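**Student:** So that we are looking at the same thing, I have put the structure below in structure tokens.
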Amino acid sequence: MEPFVRLKKEPALYELQPWRGLYPGLVAGFTGRSGGISSEPYTSLNCAFHVGDIPEDVISNRETVAGTLGFALKDWTCGEQVHGADIAVVREEDRGRGSLDRSSAFQNTDGLLTNVPGVLLTSFYADCVPLYFCDPVLGAVGLAHAGWKGTVAEIALAMVRQMEETYGSRPEEIRAAIGPSIGGCCYEVDDFVMDRVRALEGSLPPVEKGAEVLYRPSGANAGKMLLNLKELNRRIMIKAGILTTHIETTSWCTSCNRDLFFSFRKENGVTGRMASLIGIKES
């Protein structure tokens, strides 16, 4: 069953439905492309500053999304993503970093982790893979932005290890989810990428029965491969010690559903960004 279910028509917001009630006050979701005020080519719920949109429009879109989730814009906290594997631990004094501009965000950061109620962790996407983490025993939550570079750098593994180190989380108690992103149906890559995937492949756990194919030849272009980044991240999560039964994986492909999501590849690099969001509301 698809875990990301549209919560309301506008703004376009998808709830990570199986996590409803997982921990008191937990909110986890992903935005779509409609229900905001941005103009072409960012129409309309663009949530990122770095694409060239009007900053005031981005702020308005963020306010709309945050309010729908029961948070204020001052709670919105994010990193300046660089396709790396660095994780920032967000503390109370960090609340709101990056909410109104890029310069105050955590720099060179693709992963965010917190146990502070009231902080809304956010990161931005237009085909890359959003990874969600929750320790329902200790009340810690995390987000990781995984393009192919972050994936082969094993940002999912880095997040689990950071949760262990910072909060004492046990991998077998962590819940994880993989959100809307480009699918193995559309993500065509060359040998440069595949060499790095194959170098990582030998360290991954044995493939369980019924698992999706990790990569296959492209039917459109000889010598290219179609890579399933979602499945690669899932296997890295399992390597990190997360139970297979504790991982939710979306079926949404952002490239196939351009009417619902922004897609960097389908729109030739000029488009808006969705936001992944997770936080625990203050009681």
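**Student:** Of the conditions (1) of a type outside the set (V, I, T); (2) in contact with a strand residue (DSSP E or B) (Cβ under 6 Å, 6 or more places away or on another chain); (3) closer than 30 Å to P11 by Cα, S169 satisfies every one except a single condition; which number is it?
**Tutor:** All conditions are met except number (3).
**Student:** Touching a helix residue (DSSP H, G or I) at 6+ places or on another chain (Cβ under 8 Å) and within 14 Å of G241 (Cα to Cα) - does that describe any residue in segment 181-201?
**Tutor:** no
**Student:** Which residues, counting only those in segment 236-283, are within 30 Å of R161 (Cα to Cα), of a type in the set (G, A, S), assigned to a loop (DSSP other than H, G, I, E, B) and within 19 Å of the chain's Cα centre (by Cα)?
**Tutor:** The answer is A240, S251.
**Student:** Looking at F49, F71 in this structure, which one is assigned to a loop (DSSP other than H, G, I, E, B), at pLDDT 95 or above, among the aromatic types (F, W, Y) and in contact with a helix residue (DSSP H, G or I) (Cβ under 7 Å, 6 or more places away or on another chain)? Walk me through how you get there before you give the answer.
**Tutor:** Numbers: F71 fails: in contact with a helix residue (DSSP H, G or I) (Cβ under 7 Å, 6 or more places away or on another chain).
Of F49, F71, the one residue that is assigned to a loop (DSSP other than H, G, I, E, B), at pLDDT 95 or above, among the aromatic types (F, W, Y) and in contact with a helix residue (DSSP H, G or I) (Cβ under 7 Å, 6 or more places away or on another chain) is F49.
**Student:** Here's a follow-up. Of the numbered conditions (1) in contact with an Asp or Glu (Cβ under 7 Å, 6 or more places away or on another chain); (2) within 19 Å of P180 (Cα to Cα); (3) surrounded by fewer than 22 Cβ atoms within 10 Å (Cβ to Cβ); (4) of a type in the set (A, V, I, L, M, F, W, C), L243 fails exactly one; give the number of that condition.
**Tutor:** (2)
**Student:** Which ones in segment 157-184 are assigned to a loop (DSSP other than H, G, I, E, B), under 25 Å from M225 (Cβ atoms) and not hydrophobic (A, V, I, L, M, F, W, C)?
**Tutor:** Kept after step one, since they are assigned to a loop (DSSP other than H, G, I, E, B), are these residues of segment 157-184: 168-170, 174, 179-180, 182-184.
Imposing the further condition that a residue be under 25 Å from M225 (Cβ atoms) reduces the set to 179-180, 182-184.
Correct list: G179, P180, G183, G184.
**Student:** A follow-up question, please. With the requirement that a residue be among the hydrophobic types (A, V, I, L, M, F, W, C), over 14 Å from R198 (Cβ atoms) and either in contact with a strand residue (DSSP E or B) (Cβ under 8 Å, 6 or more places away or on another chain) or surrounded by 19 or more Cβ atoms within 10 Å (Cβ to Cβ) (or both), what does segment 212-235 give you? Let's see the steps before the verdict.
**Tutor:** At the first step, the residues of segment 212-235 found to be among the hydrophobic types (A, V, I, L, M, F, W, C) are 213-214, 220, 222, 225-227, 229, 232.
Those left that are additionally over 14 Å from R198 (Cβ atoms): 213, 220, 222, 226, 229.
Within segment 212-235, A220, L226, L229 qualify.
**Student:** So which of V82, V27 is under 26 Å from E165 (Cα atoms), surrounded by fewer than 18 Cβ atoms within 10 Å (Cβ to Cβ) and among the β-branched types (V, I, T)? Please lay out each step first, then the result.
**Tutor:** Values: V27 fails: surrounded by fewer than 18 Cβ atoms within 10 Å (Cβ to Cβ).
Of the residues listed, the single one that is under 26 Å from E165 (Cα atoms), surrounded by fewer than 18 Cβ atoms within 10 Å (Cβ to Cβ) and among the β-branched types (V, I, T) is V82.
**Student:** Considering only residues that are part of a loop (DSSP other than H, G, I, E, B), in contact (Cβ under 8 Å) with a residue 40 or more places away in the chain and over 15 Å from the mean Cα position of the chain (by Cα), which ones fall in segment 20-32? Let's see the steps before the verdict.
**Tutor:** Restricting attention to segment 20-32, the residues satisfying the condition of being part of a loop (DSSP other than H, G, I, E, B) are 20-25, 32.
Now restrict to residues that are in contact (Cβ under 8 Å) with a residue 40 or more places away in the chain: 22-25, 32.
Across segment 20-32, the qualifying residues are L22, Y23, P24, G25.
**Student:** Quick test of your reading of the structure: S123 fulfils all but one of (1) in contact (Cβ under 8 Å) with a residue 40 or more places away in the chain; (2) among the polar types (S, T, N, Q); (3) surrounded by fewer than 21 Cβ atoms within 10 Å (Cβ to Cβ). Name the failing condition by number.
**Tutor:** In the conditions (1) in contact (Cβ under 8 Å) with a residue 40 or more places away in the chain; (2) among the polar types (S, T, N, Q); (3) surrounded by fewer than 21 Cβ atoms within 10 Å (Cβ to Cβ), S123 misses (3) alone.
**Student:** Does D110 fit the bill of being surrounded by 21 or more Cβ atoms within 10 Å (Cβ to Cβ), farther than 30 Å from L227 by Cα, touching a strand residue (DSSP E or B) at 6+ places or on another chain (Cβ under 6 Å) and of a type outside the set (S, T, N, Q)?
**Tutor:** Working: surrounded by 21 or more Cβ atoms within 10 Å (Cβ to Cβ): yes; farther than 30 Å from L227 by Cα: no; touching a strand residue (DSSP E or B) at 6+ places or on another chain (Cβ under 6 Å): yes; of a type outside the set (S, T, N, Q): yes.
So D110 does not fit the description; no.
**Student:** Further, regarding this structure: Read through the list (1) surrounded by fewer than 19 Cβ atoms within 10 Å (Cβ to Cβ); (2) in a helix (DSSP H, G or I), then give the number of the only condition that S104 fails.
**Tutor:** Failing condition for S104: (2).
The values are calculated or read from the model by the stated rules, or taken from the named source; none is laboratory data. What you are looking at is a predicted structure, and each value in this text was computed from that prediction instead of being measured. No Cβ is skipped: glycine too gets one built from the backbone with ideal geometry, and neighbour counts run over all protein chains shown.
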